Amino acid sequence: MPNAKEKKRAKKMKNQPTSVIFSSDGGPSPHAMWSQNGGEETHQRKRQELRSETSRGYSHQSISHGMPKYLTVSPFVRARAAEIKAMLKAATQKSSNTLVFQSLPRHMRRRAMSHNVKRLPRRLRELARAEAEKPEHQKKELPKSKCRKARRRHINLVAEFNRRQKKNIWLETHIWHAKRFHMVKKWGYCLGDRPTTKCYRACYRAMANHCLLQDLSYYCCLELIGKEEELLTALARMCNVDSGPTFAAVPCLAGRRQGALTVYQRDRYPEGALGPVTFIWKPRNESAVGSASRQLWIWTHPAFKQDILAELKAVCHCSEPMDSCIAKPVVTLPQEESKTDITEKVGQKRKQKDDGEIDVPVKKIIGDGTRDPHQSYRWISQTSGIMISDLTMEILRYRLIGPLSHCVLTEALKAASVHSNLETTYPEMNSWWVENCRNPEQVSLHHRQEAFFELLQGLSSSNIPSGTVLGLTVGDPRVNLPKKRSKAMPNPEKYQDGEKVRQLTLEGVSAECAQSFLWDRNICNSVTENKMPEQHLNSLRSKLLIPGSYLDLGPQESKIPILLVQQPGKIAGEDRPGWGSGWDIYLPKGWGMAFWLPFIYRGARVGGLQEGLKHSLYKRTPHVPSDYPDCPAGIQFARELERNLLEKFKRRPPAKRANYIKHGTLKPFFCPWEKLTLDWEARNEASHKYVDSSVLESEDLAAEGEASCGPSHGMFVPESPRRKEMDASSQNNVQMEGVTDVTELHKGDEVISNCTFCVLRRKKLLRQVSAWCQPAYVKTRKIRHHASALDQQEPTADTLLPVVQRYPRALVWVCLTLLKRGSPELHAMICIPSKDDLFQLSKDKHFFGPQEPKHSDVFKNKVLKQKAMKKRQSIGKGKQNSASGTMNVIPTKQDDLVLGLWPDPLPDVTSHCSRVLLGFVTQGDFSLAFGCGEAVGFVSLTGLLHMLMDQPKEQKGLVLLRNPASLQYRFARLTVEV
Amino acid sequence: MAEAGPPTEAERALRRRLPRRLPRRRSDVYVNMKTDFKAQLSRCQKLLAPGAGGGGGCAELCIHGLGLAINRAINIALQLEATGGGALRLAAHTSTVELADAAEPEGDSDEPQARTRNNSAIHIRVCRAAPH
């Protein structure tokens, strides 16, 4: 053993200063040792020190191993004192952040060491005790009064829930979701992102074959009330007929259909988009013809809400908040209310409120995530009398996607029964319904609505005209909840054929059947307040004579007004018509869980935000808000996404990251639309100059112009890839200098075309572009069926010129389908194939695409240099503390240099790679619906037209797609779906 | 573009809807023109093959074809019969399917319109002949 002991000691002493002596037994702590050793030790010490002194040449004596001749005591002692002080300090401080017992070798560790100090060797006990007393190692203790039972008590639970949803509002189905979903905090709400179970395919199957359920209650509803003409004139400034039907569309105005459009800042139509909305007009009331006051709901995504609301207020001149309706600070209110309840009521009563999470949010949630609870939520205009109110969170909205969503709806919901004997009324509950039942007209209307609802059973959701609205009043869905979860399937016996069904499929629901009591605020509130608590229902159920039989509540049963709105699936394009269609159901608040569970018990599968994204990708509709790059909220979303992706990127070790510079990807996390459109505009101008004067204006631009626009002038020289490679590598260097003059060129443009880019939403033009994109064989097929003028027109320079001039900086939303392998990713690049590529493709059917030559990382040295500089500086700083502080700190100018990412002033994005860049992908994945990679994205209109001009007829609309972290281009077919 | 634009095709967008869908049994095969012929044939063969598990074991099969796919449906049925070695019997029925087209207006002033049109369809029952 002594041998080992010595070895250990030698190890211990290895890093100690020679001037310090440790006692061999290793006392409890250095401090104690110092005090213990006292006098005798000092002699020994001195001798040692003397020796060291000489070796360092401290004294002015000859540097030899002998003893110094003399010694000045005071500086010597001072130096020693400083040394000792430093040593003591070092000994008390732990350098690493390990615990004391972790410094022991394995064989000396004991199981309970971390919480029992006595298990440690005595010399370490002091330290361990000190460590255990530190606050960070102590367990967070819960307040004494809150044992688990107390915490789970309803009142405390509610208080806790209320506290937790102060910042991000919970939906009514939050607790259900939180148990099953990955939750994210977005747009001021807590939303389910994706289920925790493996269900990617299952969700796809649900939306393709059965029914997928989504909670869209976080969507915001803005209510406008006013005279029809006033509303229409105000709203007409925010939209344009060019981009499709507006608020004034006849079927929508009648209230029969839901409309959808993109709203713009007033009078700025092609630019200044604000965001997509859907809207429903309340049907005109037959009885009250005289009053032309109409009610309009505008539904929008919370990301766009603030912009749209502000614009609406400006357009309608609604500036004054209504005093009477200023929202109270209600966020704290539910808690207080429940507390007062507790004090008043005891025992049984208190327990009655025990349906917990369902009951609580019922309590007048006015403050939602997207606005300040202290602000008003209702505005009125003095001049026009229009009233705008913010009904966010007042109306719940669930979306059922899939062909069998009808079956789920019709099985889960039963139309409310009409009260026959009107004498025995229950004054507090359903008074509105009793009132309604007295009116024979209303009763017949209810029966008609019921008949329509019954008819739906035999239809699939895509058979109904898109956007059909059906109002209905239903009974309590909790009453006929099945015992087990089952899958609702259509019943062949209930298939009806005949005039009624045909009328429904052709014309949809008539306007008066779209009427619903949901439009009436008072009725909604009374329905919300008079909801029968879950527990009450259960206790009634338990009193049934035959357990499990149907519970007939009779007139006491709640009646809930709802609104059903058909959501069109895939309407654009050729294939899969009506894919992903479904129904939206609008409910009064408070009834969330009461409707949610019955749907799930009928076999609906629940999806989150990710499933919504996939749904919109498969049915090829722009996703909210990522596919609106010209809206302020869309830009903000893109910025946020960039930040997240960059953070994720930086979390990886540098050697394991993709070097995007080498891949030739300029912005892997963000699509530089602005730059793209600007560059295309510049290219366009350059090519025109080239045509006009036939003189090369600038060496750079002409070379680029040749690559893309050359063929239009009939002098295309097929460049060998080798030359391109050289070009690409040389461009890297050239472009760095070239950037400045190009940007200057753009600055001049900015003055002329005063605005930023916009997304093309003009229907006619889109249809024309769509026809241009089609390859010849599709056209011939089409012409046989229905020849159209659009198809016959060919994209030539003459026809394209006016388009390009009118929309110099427009983006077009396109869909891409990969021809062969490959699945596109987020922000993949859409490029123009060269003549060579197309030639190879036509020759070899298995040619899957060219490769991008590897770029050189010109910034690598800079990054390394910067890193070295930083290191030096940090060392320097350490030195500065002891030495003089004269060393001035060089301000790090480019501290955002990250290895593998292109720093900010971007070169010409279009010609950075060997293929000319056209646009970017905003969503992309392998599509289960289509069986190949699919993507949607935006391309520059100018670029697209240029490409179409040059492509041969048979290969129109073929583009190349390249993922940000890959060098492989893959062929894809580009289509514009209108 | 708007001034000298192409003659407007129509102010309406024609949207064709899928036919009404009946609930589908396992033994119903809807033939389309997109899937490979071979794949559809082998699917039918698999369904007819004996054995309860793995997709087989259907006593009879219904092959439905609509419009352009009628030819293909007949083709599949005949192929099945030919390869079945006399063990299969066919029974064909024709019918008419009502299809709906909707014309959604592009502007504000029009009502949406819809029309029905008829298309022919064929339903071929393929069943095992009773053993003699």
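General remarks:
- Residue list for region A:176-198, restricted to those being surrounded by 17 or more Cβ atoms within 10 Å (Cβ to Cβ) and within 19 Å of residue A:601 (Cα to Cα): A:176, A:177, A:181, A:195
- Residue check, residue A:611 farther than 23 Å from residue A:470 by Cβ, touching a strand residue (DSSP E or B) at 6+ places or on another chain (Cβ under 9 Å) and not in a helix (DSSP H, G or I): no
- Condition met for residue A:189 (closer than 30 Å to residue A:293 by Cβ, under 22 Å from the mean Cα position of the chain (by Cα) and away from chain B (no Cβ under 14 Å)): no
- Complete set of residues in region A:549-596 that are of a type in the set (D, E, K, R), touching a strand residue (DSSP E or B) at 6+ places or on another chain (Cβ under 7 Å) and at pLDDT below 90: A:557, A:559, A:589
- Residue B:20 meets the stated requirement of being surrounded by 14 or more Cβ atoms within 10 Å (Cβ to Cβ), within 14 Å of chain A (Cβ to nearest Cβ), at pLDDT below 85 and over 29 Å from residue B:128 (Cβ atoms).
- Evaluating residue B:45 against the criteria (1) modelled with pLDDT of 80 or more; (2) within 14 Å of another protein chain (Cβ to nearest Cβ) leaves one unmet condition, (2).
- Residues located in region A:536-593, provided they are of a type in the set (Val, Ile, Thr) and not in a strand (DSSP E or B): A:546, A:571
- Complete set of residues in region A:448-484 that are on the phi < 0 side of the Ramachandran plot and facing chain B (nearest Cβ under 10 Å): A:458, A:459, A:460, A:462, A:463, A:464, A:465, A:466
- In region A:882-896, the count of residues that are surrounded by 11 or more Cβ atoms within 10 Å (Cβ to Cβ) and at pLDDT 60 or above is zero.
- All positions within region A:360-399 that are within 24 Å of the chain's Cα centre (by Cα) and at pLDDT 80 or above: A:390, A:391, A:392, A:393, A:394, A:395, A:396, A:397, A:398, A:399
- Members of region A:248-271 found to be without any contact (Cβ under 8 Å) to a residue 12 or more places away in the chain and assigned to a loop (DSSP other than H, G, I, E, B), listed by number: A:249, A:268
- Selection from region A:206-240 of residues that are under 30 Å from the mean Cα position of the chain (by Cα), outside any loop (DSSP other than H, G, I, E, B) and either away from every other protein chain (no Cβ under 14 Å) or modelled with pLDDT under 85 (or both): A:206, A:207, A:212, A:213, A:214, A:215, A:220, A:221, A:222, A:223, A:224
- Scope region A:485-535; condition outside any helix (DSSP H, G or I), closer than 23 Å to residue A:285 by Cα and either more than 37 Å from the chain's Cα centre (by Cα) or more than 10 Å from chain B (Cβ to nearest Cβ) (or both); matching residues: A:509, A:510, A:515, A:516, A:520
- Filtered residue count, region A:937-975, keeping only those that are within 24 Å of residue A:570 (Cβ to Cβ) and within 14 Å of chain B (Cβ to nearest Cβ): 1
- Check on residue B:69, more than 14 Å from chain A (Cβ to nearest Cβ), closer than 27 Å to residue A:465 by Cα and at pLDDT 80 or above: yes
- Checklist (1) crowded, with 16+ Cβ neighbours inside 10 Å; (2) out of contact with any strand residue (DSSP E or B) (no Cβ under 8 Å at 6 or more places or on another chain); (3) within 14 Å of another protein chain (Cβ to nearest Cβ) applied to residue B:84, failing item: (3)
- Residue match in region B:102-124 (condition: among the acidic types (Asp, Glu) and more than 14 Å from every other protein chain (Cβ to nearest Cβ)): no
- Where residue B:92 falls short, out of the listed (1) without any contact (Cβ under 8 Å) to a residue 40 or more places away in the chain; (2) within 14 Å of another protein chain (Cβ to nearest Cβ); (3) outside any helix (DSSP H, G or I): (2)
- Filter pass, residue A:528 being touching a strand residue (DSSP E or B) at 6+ places or on another chain (Cβ under 8 Å) and crowded, with 21+ Cβ neighbours inside 10 Å: no
- Here residue A:502 meets the list (1) touching a helix residue (DSSP H, G or I) at 6+ places or on another chain (Cβ under 8 Å); (2) under 18 Å from residue B:98 (Cβ atoms) almost entirely, failing just condition (1).
- The listed residue being touching a strand residue (DSSP E or B) at 6+ places or on another chain (Cβ under 9 Å) and either under 30 Å from residue A:599 (Cβ atoms) or at pLDDT below 80 (or both), out of A:100, A:184: A:184
- Flag for residue A:560 being β-branched (Val, Ile, Thr), away from chain B (no Cβ under 14 Å) and in contact with a Pro (Cβ under 7 Å, 6 or more places away or on another chain): yes
- Output for region A:620-675, where each listed residue is of a type outside the set (Ser, Thr, Tyr), in contact with a Gly (Cβ under 7 Å, 6 or more places away or on another chain) and either part of a helix (DSSP H, G or I) or more than 23 Å from residue A:812 (Cα to Cα) (or both): A:633, A:657, A:658, A:659, A:661
- Checked against (1) in contact (Cβ under 8 Å) with a residue 12 or more places away in the chain; (2) farther than 21 Å from residue A:906 by Cβ; (3) in contact with a strand residue (DSSP E or B) (Cβ under 9 Å, 6 or more places away or on another chain), residue A:667 passes all but a single condition, namely (2).
- Any chance residue A:934 is within 14 Å of chain B (Cβ to nearest Cβ) and either closer than 27 Å to residue A:855 by Cα or in contact with a Cys (Cβ under 8 Å, 6 or more places away or on another chain) (or both): no
The values are calculated or read from the model by the stated rules, or taken from the named source; none is laboratory data. Since the model is a prediction, treat every value here as computed from it, not as a measurement. As a convention, Cβ positions derive from the backbone with ideal geometry for all residues, glycine included, and neighbour counts pool all protein chains shown.
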